[in-house]
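Q: Structure below; questions to follow.
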Amino acid sequence: MVYSVTLGIWFGVMDSSLLRRSHSIEDEAELQKDSDSDDGLLYKIITSAEKFQDLKLKELPLVHQTRKKSENGSTSSLVDPDDSWMIGGSLGSRNTVLRFRCNALSDPPVDPPANELHMTYKTIQAETKLLSAVLHSHGMREVHPNIPDFNLLWTGVHPKPHLLKAMAPYQRVNHFPRSYELTRKDRLYKNIEKMQHAKGAKHFDFIPQTFVMPVDFRELCSSHYRHRGPWIVKPVASSRGRGIYIVSSPDQVPLEETVVVAKYIDNPLLVDGHKCDLRLYVAVTSYDPLLVYLYEEGLVRFATVKYDLSGKHLWNPCMHLCNYSINKYHSDYIKSEDPDAEDVGHKWTLSALLRHLRAQGTDTSVLMQRIEEVVVKAILASAPPIISACRMFVPYPRNCFELYGFDILIDSTLKPWLLEVNLSPSLGCDSPLDVRVKSAMLVDLLTLVGLPTVDPMLRRANECHRPQSQLDILKKLSCRRVHSADALAGSSSNIGRKPPPIVTSSRLIASSLSLSPEENRIIKSVRAEFERRGGFVRIFPSAESWKRYGCFLDPVTGITCTSAVSGSHLCAPPMVVPRNYNLLIHQQLFPELQSACKAMDGAPLPDRLTRYERALLQGHKASLDEGHLDRSGGENDDSDAVEERKEVTELKNEVIQNMEDGSRLSQYQARRTFSQYLICILRQISGQNKADPVIEDHGELILRFLQKASSNLRTPYFVQDRMAVVAKQLNDFIYLYNRETDLYSEGGETPNIVPGKLYQQFLAAANEQDLEEVLSVQTRLYKCTHLYVGRSGSSPNSMRPFGLLRSLPYTPRGSDKTDCECSASHHRKTLPCLSKSGSAIGASATTQQSSSLPSTAAGTGKRQSLKISRAL
Ligand code: ADP
């Protein structure tokens, strides 16, 4: 591994369209075929239905018929050249979708179509810096989450059924309903286990054996008896390596909480002695028919500490976990600052790893073929419930798409293991390489998905003017393909009915000569999407996917068959004709399928597999830091910062004034403040100068604090890099602490509590010093810290410098001393009682103690030495 960090200037931007990698022969063949997108067929049907009913409603145009200004000010019709910001027609056409490009980030188009059409997006609980940068640069505007007129909804959580049901045909949302069947560790394993039972374990043996505690404890014990550990323990719904640890036997697994316990893969592929895992980006644009794309570039994350095969260092997280959020705290972690360096430091690109492996004699095409197989099989295993939910909640075929983050571990025999699938893979950019890979992937995803060029406001206005009769037609037409959904539902009342005839391949081939309008629409739409794939490699359907996966699909519905005997169609209700869209698409796209009954073994590997190995040529290379994309220049940076600081100080003073006047921080506010303060400390200990003895000392203190403040956190044994462990534990603690803090959240304003709005503004801008000051005032006024620290602790610390953590008062467990005033009447105003229980109260924070908290000025000196880059 090359551990040289190139501190380079981040280069300018390349136009992805110019540098796009050449397509494989297989792709080119596909391109020759009909590519006319016809997503708007539904509109056409409605239009003819309207005509039929002789409804002469005067409609507003759905889209603007716009003209483009030429250099000399004259106008010309918009065409669809390759360099246009649209694909599939002109701005007036309903089949036209936006084209996204990386170069828009540094050189946004003038008057992009999205801007002219007032196209909008909204976000809900999502990390949006990169997404917003991309969408804004293409002329899309963000609207409030409550606004129903939008083109794209990007959410970090599953969309609610009522939101899905209300979607218009042109609207897109970045999740399918019930995607958790794939993205929850426990559900994923159960779905794959089901397929192991139905189709044979050897076809689905790519996931480490997994148990959900406490229900599967017996099974875990018997498996341990047969195969031995080690086992890796993970919280059910967590991420970024939080709360993960390794045990060597089942009796070390806690039974009081729900955790997932998986067989630990102890023979990972090592690169230069380091364990690594892959983050791959997988887009699904439809579940029935199934359309799966794997992005040609991914990320490889390395553990910082060399892997110890002797197993002596079972507990070192920086040896066994590859998460960036854990390894970044290690003093040896190398973060490359060069966007062009794909194999430098502890994060590489997938292509760089493949090139490295090929240079060592590995057949990387075979490896990528196995990885593709893992991705497709995992999706197939989880598909049936997702398809059922789509039938129930999603009104139009193109409403939903999904970007999954697949985490894959390769073992020393080059077998890929699926660790987990992430629902909303991080689009955060911690390094220039992140920006490059993720921006390229995101623009390609948005183009692939295809956002129709529709003005959402005009569209909504049309809907309002539409008479009920038309809306009924629209609704009827939107209930498409319910037949195969019902087949999935499997009503027991239908068991025993005469099944529909099994449709053989030859019969379907014959019938494909006369495709129904819906089948035609689907085929055209699949082909149009393929043309827009950019860096995405379509892995299902592909030339060989029917041979490879056809046996897992029901021959009539084409949907994954989860029972040993194929025949979910047996459950089809009467009058329902199931359709095998997957077979239809394979036949239409790959006509050679008819003669494709030859054995898989010995067949040449598909050309597309070589795409994964080429160096990344596109992607935005500059930082996404605030202001960087603002092309107005950065001359005012310093004065802006001074101005901002002034505002924060004013906010802080106002909060403190409120407190001096008798208000206090609520428990929720106090905990949020404390949590943010801990995050500041976390940033300090993960800053650049980890060898600083002051920081070392801080580590000691934090470890002691954690041991005392949290009985849930485990003290690590055999640790080598203590700071990394401390940082991980603090990170885990903050995660748990915040989870509990949410329980204290209040609805509206409460008397004698600092006003919520003021507090929020303060919290959003405060730094460590501000937070500490406010917490100190609260501590001084109410003579206790247990509003935010909790009521159990240990003996009081003697007052020493180093900030609030050092001076936190602790009371021995079981002490009944309650001289704090947060639960009693305050001398100025009556305070609501917070806790009636007098036990185990951390009550020794006297005024004298709190006055010995480091004053802002006194604390500053030490803190300056700990000052950190706010780069997290
Ligand atoms: P999270 O969602 O918290 O990131 P993961 O399941 O992705 O959890 O695991 C985090 C890290 O733990 C991975 O980067 C991987 O290195 C390691 N890991 C997870 N499961 C296993 C396993 N079964 N065997 C070996 N290492 C594993």
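The values are calculated or read from the model by the stated rules, or taken from the named source; none is laboratory data. Everything numeric in this text was worked out from a predicted model, so none of it was measured. Note that each Cβ is placed from the backbone with ideal geometry, even for glycine, and that neighbours are counted across all protein chains shown. Remember, those area values only see protein heavy atoms, side chains included, never the ligands or the DNA or RNA. Shrake-Rupley method; radii C 1.70, N 1.55, O 1.52, S 1.80 Å.
Q: Of everything in the range 266-290 that's away from the ligand (no atom under 14 Å from the Cβ) and assigned to a loop (DSSP other than H, G, I, E, B), which residue is most open to solvent (accessible area, probe 1.4 Å)?
A: Residue satisfying both the conditions and the ranking: ASP272.
Q: Something else now. Does LEU380 satisfy the criteria of being open to solvent by less than 10 Å² (accessible area, probe 1.4 Å), away from the ligand (no atom under 16 Å from the Cβ), over 26 Å from LEU321 (Cα atoms) and aliphatic (A, V, I, L, M)?
A: Answer is yes for this residue.
Q: Report, by residue number, each residue of the range 247-265 that is within 26 Å of the chain's Cα centre (by Cα) and either small (Gly, Ala, Ser) or more than 8 Å from the ligand (Cβ to nearest atom) (or both).
A: Passing the criteria: GLU257, THR258, VAL259, VAL260, VAL261, ALA262.
Q: Tell me which of these TYR293 doesn't satisfy, since it passes every other one: (1) crowded, with 24+ Cβ neighbours inside 10 Å; (2) in a loop (DSSP other than H, G, I, E, B); (3) at pLDDT 90 or above; (4) not polar (S, T, N, Q).
A: It fails just one condition, (2).
Q: Within the range 354-363, does at least one residue satisfy the condition of being aliphatic (A, V, I, L, M) and within 12 Å of the ligand (Cβ to nearest atom)?
A: No, the range 354-363 contains no residue that is aliphatic (A, V, I, L, M) and within 12 Å of the ligand (Cβ to nearest atom).
Q: Identify the residue in the range 216-232 that is surrounded by 17 or more Cβ atoms within 10 Å (Cβ to Cβ), within 26 Å of PHE406 (Cβ to Cβ) and more than 10 Å from the ligand (Cβ to nearest atom) and, among all such residues, is modelled with the lowest pLDDT.
A: GLY229
Q: Also: Tell me which helices (runs of 4 or more DSSP H) are completely within the range 489-596 and hold 2 or more residues being at pLDDT 90 or above, or say none if there are none.
A: 517-531, 545-549, 581-589
Q: Quick check on TYR744: is it within 21 Å of SER663 (Cα to Cα) and at pLDDT below 85?
A: Criteria met by TYR744.
Q: Can you report the number of residues in the range 418-456 which are within 16 Å of the ligand (Cβ to nearest atom), in contact with a Phe, Trp or Tyr (Cβ under 8 Å, 6 or more places away or on another chain) and either within 17 Å of TRP85 (Cβ to Cβ) or not in a strand (DSSP E or B) (or both)?
A: 3
Q: Find all pairs meeting these conditions: Cβ atoms under 8 angstrom apart; at least six residues apart or on different chains; first residue within the range 410-426 and over 24 Å from THR155 (Cβ atoms); second residue open to solvent by 30 Å² or more (accessible area, probe 1.4 Å) and near the ligand (Cβ under 10 Å from one of its atoms).
A: ILE410/TRP417; ASP411/ASN267; ASP411/TRP417; SER412/ASN267; THR413/ASN267
Q: Condition test on TYR333, is it open to solvent by 10 Å² or more (accessible area, probe 1.4 Å) and in contact with a helix residue (DSSP H, G or I) (Cβ under 7 Å, 6 or more places away or on another chain)?
A: Answer is yes for this residue.
Q: Tell me, which strands (runs of 3 or more DSSP E) wholly within the range 73-168 include 1 or more residues that are modelled with pLDDT of 90 or more and buried (at least 21 other Cβ atoms within 10 Å of the Cβ)?
A: 120-124, 152-155
Q: Could you please let me know if ILE326 is touching a strand residue (DSSP E or B) at 6+ places or on another chain (Cβ under 7 Å), among the β-branched types (Val, Ile, Thr) and within 10 Å of the ligand (Cβ to nearest atom)?
A: The answer is no for ILE326.
Q: List the helices (runs of 4 or more DSSP H) that sit entirely inside the range 315-394 and contain at least 3 residues that are more than 21 Å from the chain's Cα centre (by Cα).
A: In the range 315-394, the matching helices (runs of 4 or more DSSP H) lie at 317-320, 350-359, 364-393.
Q: In the range 396-440, what residues are open to solvent by 20 Å² or more (accessible area, probe 1.4 Å), modelled with pLDDT under 95 and aliphatic (A, V, I, L, M)?
A: Residue satisfying the conditions is LEU423 alone.
Q: List every residue pair whose Cβ atoms sit under 8 Å apart, with the two residues 6 or more apart in sequence or on different chains, where the first one lies in the range 293-310 and is touching a residue at least 60 places away in the same chain (Cβ under 8 Å) and away from the ligand (no atom under 14 Å from the Cβ) and the second, anywhere, is among the basic types (Lys, Arg) and open to solvent by less than 10 Å² (accessible area, probe 1.4 Å).
A: That search, which allows pairs on different chains as well, returns TYR293/ARG533; GLU296/ARG611.
Q: Related question: In the range 515-543, which residue that is open to solvent by 20 Å² or more (accessible area, probe 1.4 Å) and acidic (Asp, Glu) is farthest from PRO606 (Cα to Cα)?
A: GLU518
Q: Now for a different question. May I ask you to verify whether SER179 is more than 13 Å from the ligand (Cβ to nearest atom), in contact (Cβ under 8 Å) with a residue 24 or more places away in the chain and buried (at least 16 other Cβ atoms within 10 Å of the Cβ)?
A: yes
Q: Would you pick out the residues in the range 597-628 that are modelled with pLDDT of 70 or more and either out of contact with any helix residue (DSSP H, G or I) (no Cβ under 8 Å at 6 or more places or on another chain) or more than 30 Å from CYS429 (Cβ to Cβ) (or both)?
A: LEU605, PRO606, ASP607, ARG611
Q: Run MET213 past the list (1) away from the ligand (no atom under 14 Å from the Cβ); (2) over 25 Å from ARG178 (Cβ atoms); (3) aliphatic (A, V, I, L, M) and report the number of the one that doesn't hold.
A: (2)
Q: Another one. Exactly one condition in (1) more than 14 Å from the ligand (Cβ to nearest atom); (2) surrounded by 21 or more Cβ atoms within 10 Å (Cβ to Cβ); (3) basic (Lys, Arg) is false for LYS347; which is it?
A: Every condition holds for LYS347 apart from (1).
Q: In addition: Hey, can you tell me all the residues within the range 182-210 that are under 23 Å from PRO268 (Cα atoms), of a type in the set (Lys, Arg) and either surrounded by fewer than 16 Cβ atoms within 10 Å (Cβ to Cβ) or more than 16 Å from the ligand (Cβ to nearest atom) (or both)?
A: LYS202
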